1. If only one of ILE110, ILE202, ILE169 is under 30 Å from ILE61 (Cβ atoms) and either more than 22 Å from the chain's Cα centre (by Cα) or free of Cβ contacts under 8 Å to residues at least 40 places away in the same chain (or both), which one is it?
2. Identify all residues within region 27-46 that are among the hydrophobic types (A, V, I, L, M, F, W, C), under 19 Å from SER79 (Cα atoms) and either in contact with a Cys (Cβ under 8 Å, 6 or more places away or on another chain) or at pLDDT below 95 (or both); write none if there are none.
3. In a helix (DSSP H, G or I), within 27 Å of ARG98 (Cα to Cα) and either without any contact (Cβ under 8 Å) to a residue 60 or more places away in the chain or small (Gly, Ala, Ser) (or both): does that describe MET195?
4. Given the structure, is LEU198 aliphatic (A, V, I, L, M), modelled with pLDDT of 95 or more and crowded, with 20+ Cβ neighbours inside 10 Å?
5. Just to be sure before I move on: is TYR63 in the same structural domain as PRO126 (by TED's automatic domain parsing) and assigned to a helix (DSSP H, G or I) in the structure I sent?
6. Please verify whether region 44-66 includes one or more residues that are in contact (Cβ under 8 Å) with a residue 12 or more places away in the chain, on the phi > 0 side of the Ramachandran plot and out of contact with any helix residue (DSSP H, G or I) (no Cβ under 6 Å at 6 or more places or on another chain).
7. For region 67-90, enumerate the residues that are under 17 Å from LEU127 (Cβ atoms) and either free of Cβ contacts under 8 Å to residues at least 24 places away in the same chain or basic (Lys, Arg) (or both).
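The values are calculated or read from the model by the stated rules, or taken from the named source; none is laboratory data. Remember, it's a predicted structure, so these values are computed and weren't measured experimentally. Neighbour counts run over all protein chains shown; Cβ positions are idealised from the backbone, glycine included.
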Amino acid sequence: MQPQITTSWAWLKSNEPERAIKYLEKSLEIDEEIDDRRGQAIDLNLLGNACLKSNEYKKAIKYLEKSLEIDEEIGDRRSQAVDLNLLGRVLEGLGNPREAIQYYEKSLQISRDLKNIKGMSYNLYPLGQIYFDLGNYCKAKLHFKEFVDLPSSKNSWFLLNIFEMLGDIYKYEGGKTEALECYKKAMRLSKGEKMKELGKKIYELRND
């Protein structure tokens, strides 16, 4: 891995994407000079990620679409899934959730094909949330349940939100017992103000 890539990762992790962009542009220039297609795809993907973090959505799309094109050319399906996931996040940021769904679903399918559990989780959660926000509770529930059933340790913040949203769905559908169970699971993962909010939901549902 080039020094520019290593430095860029450090700046991205420290939430300084503008500095990461500077090093990634240099890395991309070098990889283009030596015709390293895989290296170019990595640079472009990271540039897209950095631009996403900087809310430069149009630039992010340009970089990610080019990264996806190269990853398809060299047959790197795992990286294709990452490109598609990031494009979904960009479209969400632009306020186009229905378009974002298309990219998340494509990324999810590739991750399923590759049995990439982590990749699946990164798509199942936003898909469930978008469907929830759109009022499509049936699809939201399907994606959330698939996430919960994944055979590995999962992001506890994702799980907390998923159980709360599942509780809201069951409550809407009239499933009081199921809603209470989900709220309790969410509460066990929560703390502070969120714990108080969930406690209030449980109390109100019990006394409804």
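1. ILE110
2. Result: LEU28, ILE42, LEU46.
3. No, not satisfied.
4. Yes, satisfied.
5. Taking the combined requirement at face value, the residue does not satisfy it.
6. There is at least one residue in region 44-66 that is in contact (Cβ under 8 Å) with a residue 12 or more places away in the chain, on the phi > 0 side of the Ramachandran plot and out of contact with any helix residue (DSSP H, G or I) (no Cβ under 6 Å at 6 or more places or on another chain).
7. In the first step, residues of region 67-90 are kept if they are under 17 Å from LEU127 (Cβ atoms); the result is 81-90.
Listed by number, the list holds a single entry, ARG89.
Conditions tested, residue by residue: (1) assigned by TED's automatic domain parsing to the domain that holds SER190; (2) at pLDDT below 95; (3) surrounded by fewer than 20 Cβ atoms within 10 Å (Cβ to Cβ); (4) out of contact with any Pro (no Cβ under 8 Å at 6 or more places or on another chain).
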site: ASP83; (1), (2), (3), (4): no, no, no, yes
site: LEU94; (1), (2), (3), (4): no, no, yes, yes
site: ARG98; (1), (2), (3), (4): no, no, yes, yes
site: ILE101; (1), (2), (3), (4): no, no, no, yes
site: LEU114; (1), (2), (3), (4): no, no, yes, yes
site: LEU124; (1), (2), (3), (4): no, no, no, yes
site: PHE132; (1), (2), (3), (4): no, no, no, yes
site: GLU146; (1), (2), (3), (4): no, no, yes, yes
site: LEU150; (1), (2), (3), (4): no, yes, yes, yes
